[in-house]
Amino acid sequence: MRRCLLFVVALAFASLPVTAQKLAATPPMGWNSWNWFAGKVTDADIRKAADLIVSSGMRDAGYVYVNIDDTWEGKRDAQGNITTNEKFPDMKALADYVHSKGLKIGIYSSPGPQTCARYEGSFGHEEQDAKTYADWGFDYLKYDLCSYGKNMRDAHPDDIAAQYMMMREAYEKMHQALLKTGRPIVYSFCQYGLDQSWQWAPSVGANLWRTTGDIQANYTSMMRIALSQAGLSKFAGPGHWNDPDMLEVGNGKMNHDENLSHMAMWSMLAAPLIAGNNFTEMNDDVRSILTNKEVIAVNQDKLGKQADRVWAGEETEIWSRPLADGSVAYAIFNLAEGQSAMRGLRLHLKEAGFPSGTAHARDLWAGKDLGVIKDTDVFTIPRHGAVLLKLTK
């Protein structure tokens, strides 16, 4: 049974359109309005975000998508075309402005009659909406399950399998509508990992798909989601990515070490790097974490191989990711709650493909070479912190 499943998954990935693979050859990077602005986002907020992505160095670091989340929608006109509300007076002009900054722009909708915030969804208007997004000049669509769950339950109240088939069909319907426009649009599924989305989402057009519920801006939520990604590496690759939700670096009460762990893990997971912080309040520490070139290079590695867990203890986890140049990205996480730092952990280098138990190491956060390290070397890792290394033989 397991061999059959893996064959089906491999076949689905092999049959992905070449355009889809090129469209998201590496995990998408950008910013989304929801984590900070939620339903208060406006045209002016998006323009300012685009300006600050450029001036802060985020664009040059790779963050190119500026994504509008929920609450932009107005009513439909007499022909059924979606319109914007008063917060977004001219969506085409906004898209043109974002493009003028050397950036791309994303939009949000739902397969249901309403979005999560109870604005107009795309149900029954998929082709019209896709054409409208393309005409406005959008490059990315986040499609959030939201009210479509009720459609599923109403149609099949006692049949979960039939409900899930409806969900797949709804996402495929919008996929076909996007293809019909002829415009390259990254397609992001937001369906919280239902029906093990990683097993079917690529076959119905997803470039990325949520694997979990919503992330919260705290270490416990972030790390719970991160550790749940173990075992999903075989489902990700160029053109199709597991999405453990947006970055909360710079949000909430996460401290420096927790932000480092967050960015390190999302980079190891080949996860989309979609920031969600307020750029007007971004300090130098948060900026340096989000724009660290060597860490981003791990995330954007052309091999597209997601990390796997190498070793786990009660308060420690080690994850390893092969890179295109033959090296290995290696992350050690201190999960401890009751101590300030961790010392003396064996590095488990053999489990990561270094049979001699030694490797040449570069510390990516510090940006410095460490020379040859061995299994018995001692690292000191702060509580909730992480070490991120690039290892070569």
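The values are calculated or read from the model by the stated rules, or taken from the named source; none is laboratory data. Computed from a predicted structure; not experimentally measured. Glycine gets a Cβ as well: all are built from the backbone with ideal geometry, and neighbour counts include every protein chain shown.
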Response to the item:
Within region 363-383, residues being at pLDDT 95 or above, crowded, with 19+ Cβ neighbours inside 10 Å and within 31 Å of the chain's Cα centre (by Cα) number 1
Item to complete: Quick one: Ala331 ticks every box in (1) within 19 Å of the chain's Cα centre (by Cα); (2) over 17 Å from Thr380 (Cα atoms) except a single one, so which number is it?
Response: (2)
Worksheet, complete the sentence: When region 191-224 is checked residue by residue, the ones that are free of Cβ contacts under 8 Å to residues at least 40 places away in the same chain, in a helix (DSSP H, G or I) and surrounded by fewer than 20 Cβ atoms within 10 Å (Cβ to Cβ) are Thr220, Ser221, Arg224
Worksheet item: So which of Ala117, Ala130 is surrounded by fewer than 20 Cβ atoms within 10 Å (Cβ to Cβ) and among the hydrophobic types (A, V, I, L, M, F, W, C)?
Response: Ala117
Worksheet entry | Hits in region 308-317 (condition: touching a helix residue (DSSP H, G or I) at 6+ places or on another chain (Cβ under 8 Å) and among the hydrophobic types (A, V, I, L, M, F, W, C)) | Val310, Trp311
Worksheet item: From Leu370, Leu347, which residue is free of Cβ contacts under 8 Å to residues at least 60 places away in the same chain and part of a loop (DSSP other than H, G, I, E, B)?
Response: Leu347
Practice prompt. Test Glu248 against the criterion of being part of a loop (DSSP other than H, G, I, E, B) and either surrounded by 21 or more Cβ atoms within 10 Å (Cβ to Cβ) or not acidic (Asp, Glu) (or both), and give yes or no.
Written response: yes
Discussion item. Please count how many residues of region 359-376 are of a type outside the set (S, T, N, Q) and touching a Lys or Arg at 6+ places or on another chain (Cβ under 8 Å).
Written reply: 9
Response to the item:
From the option list Ala95, Ala134, Ala130, Ala49, single residue qualifying as farther than 23 Å from Ala177 by Cα and under 24 Å from the mean Cα position of the chain (by Cα) is Ala49
Discussion item. Six or more apart or on different chains, Cβ atoms under 7 Å: show the pairs whose first residue is in region 306-318 and farther than 24 Å from Pro27 by Cβ and whose second is among the acidic types (Asp, Glu) and outside any strand (DSSP E or B).
Written reply: Trp311/Glu351
Worksheet, complete the sentence: The residue that is nearest to Lys234 (Cα to Cα), considering only those in region 289-330 that are among the polar types (S, T, N, Q) and in a strand (DSSP E or B), is Ser320
Worksheet item: For region 162-190, how many residues meet the condition of being in a loop (DSSP other than H, G, I, E, B) and in contact with a Gly (Cβ under 9 Å, 6 or more places away or on another chain)?
Response: 2
Fill in: Ile225 being among the β-branched types (Val, Ile, Thr) and in contact with a strand residue (DSSP E or B) (Cβ under 8 Å, 6 or more places away or on another chain)
no
Practice prompt. From the list Tyr192, Tyr164, Tyr140, pick out the single residue that is farther than 26 Å from Tyr63 by Cβ and aromatic (Phe, Trp, Tyr).
Written response: Tyr164
